[in-house]
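> I have a structure here, written as structure tokens, and I will follow up with some questions on it.
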Amino acid sequence: MKLHTIQLKINDEQQTVTVRSGDTLLYTIRKQLGLTGAKPGCLNGDCGACTIHVDGWPMKSCLMMAVEGEGKQITTIEGLKDTPIQQAFVQHFAFQCGYCTPGFIMNGHSLLQKKPDADDSTIKEWLESNICRCTSYSEIEKAIKFALEKNKSS
Amino acid sequence: MEVIGKSVIRKEAQDKVTGQAQYTHDYHTSKKLSGRVVLSPYGHARILSIDTTDARKVPGVRAIITGEQLPLTGESMRDRPPLATDKVRYHGEAVAIVVADTPNQGDLAASLIQIQYEVLPVVHTPTQAFQQNSPLVHEHLGEYEREKDVYPVPGTNIAHHVKIRKGNMEKGWGESSVTVEGDYSFSPSDHAAMETRSSTAEITPDGTIKIITSSQAPFMVKQLIASYFDEDIGKIVVDTPLVGGAYGGKASVQLEILAYLSSRAVGGRAVEIFNEREQDMMMSPSHIGLDAKIKIGADHSGVIKAMEIQFLWDGGAYSDKAIDLTRAGAVDCTGPYKVDHVWCDSYCMYTNHTYAAPFRGFSHSELSFAVERTLDLLAKKLNMDPLELRERNAIQPGHTTPTRVLLNQSNVGNLQECISKLRTLIRWEEGPVREINERLVRVKGVSCSWKTSTIDSNAPSGVILTFNRDGSINLMSGVVEIGTGTKTVLAQILAEKLKMDVDKIHVRMTVDTQTTPEHWKTVASRGIYMAGRALLEAADDVIAQLKEIASIVLRAPIEDLEVAHMKVFTRDDPRISVDFKDICYGYQYPNGNSIGGQIIGRGNFILRHLSHLDPETGEGNPGPEWTVAAYGVEVEFDRRDLTYRLIKAASVIDIGIVLNEKAALGQVMGAMSMGLSFAGRETFYYDEFGRVLNPQLRTYRPIRYGENPEYLVDFVYTPDLQAAYGARGVGEHGLLGMPSALGNALSLAANVSLHHLPLTPELIWKTKAGNV
């Protein structure tokens, strides 16, 4: 079994980890670094619960190998503090069980940064990559739109 | 009211938006081993041999467990080996477990276990299972240990039979000038909670069995493991942290048993079994399927006179909770209508499908699809407005249920008012059909539902309240936070009762069965209903204790004292007061003398007057109250390619009272979303070997963002006099009428009668072609 010792830059901290070639980034950040905010939902890229940011773009961390993370700026939900999107999710009851929430927030936060003028179809294009099983999605829509508006006015 | 009804922010909100909220699989320790399960590749096959020689050679493998010499399990009837022994009865059934240091070592070893199977004929549907020449799923049905009100029929695939016999069918049909009949069916599907199930077990040197599990029923885990394996119940401690969605699917006890067996096999070391999605969908209990026959008779004015119903529930390979699901479907079999003559046979059938867990609504969305579709057939035959037909027959106080419970102003909601509000909400006066162009048409369908919760008649709920030194309160209840916000709503109820700031009430989010008072199971929309009452009793207990000390300190009779804003004071002069913080741990006089002591409040609740059903007639009281609701769904249907878009979905529910507005709306809309997803797209597809073809979220595809309709929700407020502040259960009810309302809308839109789920364009096309 081939092991690699690699450097990962996560949430602005440099981390050294030893991983198998086959270890996903999701497995590594959860198991080795204790960053359990990113969730395993399908391990197949279908549900988006493990979404993180890689160089500012949303990425499903179950679809990326840990060794591919070297030299990238990685942000997990633990790296977001009191952002507009987090506040909006709280105010609009945009979660229930909370398991998909880190993935939706990471996706939504990136949307705010990359597409501040996103219209309905762009929002849909981005958010349909994640599944929420508890809410009706209309709460999430309200939260995203509220944060987009707030983002624009600030 | 100050706090009740307000959209108080959920107590765990910050944790959930920052990634700090911890679920079962988030608890990591380096010493934890991994249990990997070998699943059956067939729906029905004899196990000829299992060879683990090669698998044992894999580095890191600590144990391999197979099924011999394990006791049978099952909640109402013990028909299920924890690991399959002589034969496998469903695709995905657990056959062996590899315990290894890491998951990948376990997977490698699991792939090297050689199992020889002889494939057996598969029982694909409950209707096939019901036929006399059907292959048997269980050959020794008569020998299983079971609860006394379970009625299996040995030599058949009938695990349980519930009979409802009310009135006189001959008379009912005699009074009917119109009759309609329909057959309906749908296959099992999945709960698809975003958190797959996982359980960790450890047995410490003193014999304590520690289990951490993603469950709605930690107290049942404790009880059943003690009972199945003859363990000391006091030495079993089950922890349940936050649960990432459940919807009934985590009320069954399965994975905990496998984790316990795994730990036992490696000398008590901690072993985690984590379901990957495919395993979660195939091995873990699923959402029940149904084959139903409905016949309704009515007079020419649309008054229903008789209903004859046969439910063949697809309980799957083992009976477990399907026995209770069969009963729940029977007791509310007519839907929310006055029917004097009822004949219902509800059978729990064995098939070679994954066995069934509860699913949000507990048989009611399923039965509602069959009954409400037939009601639309009746409306059509009578040439009558379908909402008017429902209103004319709506259940009311003074009527009796199929099991002959006399309804009153409290134990049933106001369905007629729900229907009346629905009319306005969906603009029913515009009519059900609106032409857009020659391709597109917008069509509305309606339905109604009712539901009581048929939980165990002695199911307990308890609450404990303790104080902090600043006078704030800790609230401990055994209700699991599965996403419904129950813990926050309990805090609101307490804040209202004590007239204090809800921020000064701290709730214990997690449950552990050693120190949290038991709440039977977090199911059946009974969280607030039962824990709310227990909480009010605990609050009264606290108030009495506070007043007792305060009366000495304030030198005033207890009767003159009031409690509010974390103080006890005299009613006529609130300035004469003492703060909670100065008495909740006893009161100390200036010279050091002290009186009283730590105040601990306790409360409990048990449902009253519930009874077993008569085995021949079904007579009995199955549940405390019936929540009623009316629904509408509007679709835009494309007549050219038979596709459709969900435009609007509406629910009007008699909720009693709203405790937290946004939380209540979230429960209702979330349930509607799940109902539309079940109705429109979710099912397991099987091949000729009974293999599940779509056990992935790529091929089993719930509704995603942007595919949802606009949701319209309204409430009716008929208080339940037994419940805290009159609140009725509401966690499930948004779902119940969605399949039927969507089915009614699409049947009208496509001008065919749709009798199956999911309601896909392909189903509509096949139905039109007479090819279902």
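The values are calculated or read from the model by the stated rules, or taken from the named source; none is laboratory data. Because the structure is predicted, anything quoted here is derived from the model rather than measured. Note that each Cβ is placed from the backbone with ideal geometry, even for glycine, and that neighbours are counted across all protein chains shown. Heads up: the accessible areas ignore ligands, DNA and RNA and are worked out on the full protein's heavy atoms, side chains in. Shrake-Rupley method; radii C 1.70, N 1.55, O 1.52, S 1.80 Å.
> Might you let me know whether the stretch B:728-741 holds any residue that is away from chain A (no Cβ under 14 Å), surrounded by fewer than 20 Cβ atoms within 10 Å (Cβ to Cβ), in a loop (DSSP other than H, G, I, E, B) and not basic (Lys, Arg)?
Within the stretch B:728-741 (the criterion being away from chain A (no Cβ under 14 Å), surrounded by fewer than 20 Cβ atoms within 10 Å (Cβ to Cβ), in a loop (DSSP other than H, G, I, E, B) and not basic (Lys, Arg)), the answer is no, since none of the residues qualifies.
> Is at least one residue of the stretch B:166-180 more than 27 Å from B:Pro695 (Cα to Cα), within 29 Å of the chain's Cα centre (by Cα) and surrounded by 18 or more Cβ atoms within 10 Å (Cβ to Cβ)?
Yes, there is a match, as at least one residue in the stretch B:166-180 is more than 27 Å from B:Pro695 (Cα to Cα), within 29 Å of the chain's Cα centre (by Cα) and surrounded by 18 or more Cβ atoms within 10 Å (Cβ to Cβ).
> Check A:Gly56 against each of (1) away from chain B (no Cβ under 14 Å); (2) within 16 Å of the chain's Cα centre (by Cα); (3) open to solvent by less than 10 Å² (accessible area, probe 1.4 Å) and name the one condition it does not meet.
For A:Gly56, the failing item is (3).
> In the stretch B:373-389, what count of residues is obtained for those that are within 17 Å of B:Thr424 (Cα to Cα) and charged (D, E, K, R)?
Number of matching residues: 2.
> Taking the options B:Pro41, B:Pro81, B:Pro71, name whichever one is without any contact (Cβ under 8 Å) to a residue 24 or more places away in the chain, open to solvent by less than 60 Å² (accessible area, probe 1.4 Å), more than 14 Å from chain A (Cβ to nearest Cβ) and more than 30 Å from B:Ala663 (Cα to Cα).
Answer to the check: B:Pro81.
> Tally up the residues in the stretch B:304-327 that are on the phi > 0 side of the Ramachandran plot and either among the β-branched types (Val, Ile, Thr) or open to solvent by 10 Å² or more (accessible area, probe 1.4 Å) (or both), please.
0
> Say whether the condition of being under 30 Å from B:His44 (Cβ atoms) and away from chain A (no Cβ under 14 Å) is met by at least one residue in the stretch B:716-727.
Looking for residues that are under 30 Å from B:His44 (Cβ atoms) and away from chain A (no Cβ under 14 Å), one finds none in the stretch B:716-727, hence no.
> (1) surrounded by fewer than 23 Cβ atoms within 10 Å (Cβ to Cβ); (2) within 11 Å of another protein chain (Cβ to nearest Cβ): which one isn't true of A:Phe146, the others all being true?
(2)
> Continuing with this model, one more query. Scan (1) more than 14 Å from every other protein chain (Cβ to nearest Cβ); (2) closer than 30 Å to B:Ala679 by Cα for the single condition B:Ser214 breaks and write down its number.
(1)
> Are any of the residues in the stretch A:86-107 more than 7 Å from chain B (Cβ to nearest Cβ), surrounded by 22 or more Cβ atoms within 10 Å (Cβ to Cβ), free of Cβ contacts under 8 Å to residues at least 40 places away in the same chain and within 17 Å of the chain's Cα centre (by Cα)?
No, because not a single residue in the stretch A:86-107 is more than 7 Å from chain B (Cβ to nearest Cβ), surrounded by 22 or more Cβ atoms within 10 Å (Cβ to Cβ), free of Cβ contacts under 8 Å to residues at least 40 places away in the same chain and within 17 Å of the chain's Cα centre (by Cα).
> Also, quick follow-up: Collect the residues in the stretch B:166-181 that are of a type outside the set (Asp, Glu), under 27 Å from B:Val405 (Cβ atoms) and in contact (Cβ under 8 Å) with a residue 40 or more places away in the chain, keeping them in residue-number order.
B:Lys166, B:Gly167, B:Asn168, B:Met169, B:Lys171, B:Gly172, B:Trp173, B:Ser176, B:Thr179, B:Val180, listed by residue number.
> Find the strands (runs of 3 or more DSSP E) located wholly in the stretch A:1-78 whose residues include 3 or more that are without any contact (Cβ under 8 Å) to a residue 60 or more places away in the chain and out of contact with any Cys (no Cβ under 6 Å at 6 or more places or on another chain), and list them.
In the stretch A:1-78, A:13-20, A:51-54 are the strands (runs of 3 or more DSSP E) which contain 3 or more residues that are without any contact (Cβ under 8 Å) to a residue 60 or more places away in the chain and out of contact with any Cys (no Cβ under 6 Å at 6 or more places or on another chain).
> Please specify each residue of the stretch A:131-143 satisfying the condition of being part of a helix (DSSP H, G or I) and buried (at least 23 other Cβ atoms within 10 Å of the Cβ).
A:Glu139, A:Ile140, A:Ala143
> So which strands (runs of 3 or more DSSP E) are wholly in the stretch B:207-293 and hold at least 1 residues that are among the aromatic types (Phe, Trp, Tyr)?
Ranges flagged: B:271-274.
> Given the condition open to solvent by 50 Å² or more (accessible area, probe 1.4 Å) and away from every other protein chain (no Cβ under 13 Å), answer yes or no: does some residue in the stretch A:37-50 qualify?
No, the conditions are met nowhere in the stretch A:37-50.
> Kindly indicate whether B:Asp101 is under 30 Å from A:Ile131 (Cα atoms) and within 14 Å of another protein chain (Cβ to nearest Cβ).
no
> Working only within the stretch A:79-101, note down all residues that are in contact with a helix residue (DSSP H, G or I) (Cβ under 7 Å, 6 or more places away or on another chain) and outside any helix (DSSP H, G or I).
Listed by number, the residues that qualify are A:Leu80, A:Thr83, A:His92, A:Phe93, A:Ala94, A:Phe95, A:Gln96, A:Gly98.
> Which pairs do you get when a residue that is free of Cβ contacts under 8 Å to residues at least 24 places away in the same chain and assigned to a helix (DSSP H, G or I), found in the stretch B:411-438, comes within reach of a residue that is open to solvent by 60 Å² or more (accessible area, probe 1.4 Å) and of a type in the set (D, E, K, R), reach meaning Cβ atoms under 8 angstrom, with the pair 6+ apart or on two chains?
Pairs that qualify, where the first residue is free of Cβ contacts under 8 Å to residues at least 24 places away in the same chain and assigned to a helix (DSSP H, G or I) and the partner is open to solvent by 60 Å² or more (accessible area, probe 1.4 Å) and of a type in the set (D, E, K, R), are B:Glu429/B:Arg423.
> Continuing with the same structure: Looking only at the stretch B:25-38, which residues are open to solvent by less than 30 Å² (accessible area, probe 1.4 Å) and touching a helix residue (DSSP H, G or I) at 6+ places or on another chain (Cβ under 7 Å)?
Answer for the stretch B:25-38, where residues must be open to solvent by less than 30 Å² (accessible area, probe 1.4 Å) and touching a helix residue (DSSP H, G or I) at 6+ places or on another chain (Cβ under 7 Å): B:Ser34, B:Gly35, B:Arg36, B:Val37, B:Val38.
> Something else about it: Tell me yes or no: at least one residue of the stretch B:623-631 is out of contact with any Gly (no Cβ under 6 Å at 6 or more places or on another chain), within 14 Å of another protein chain (Cβ to nearest Cβ) and modelled with pLDDT of 95 or more.
The answer is no, given that none of the residues of the stretch B:623-631 is out of contact with any Gly (no Cβ under 6 Å at 6 or more places or on another chain), within 14 Å of another protein chain (Cβ to nearest Cβ) and modelled with pLDDT of 95 or more.
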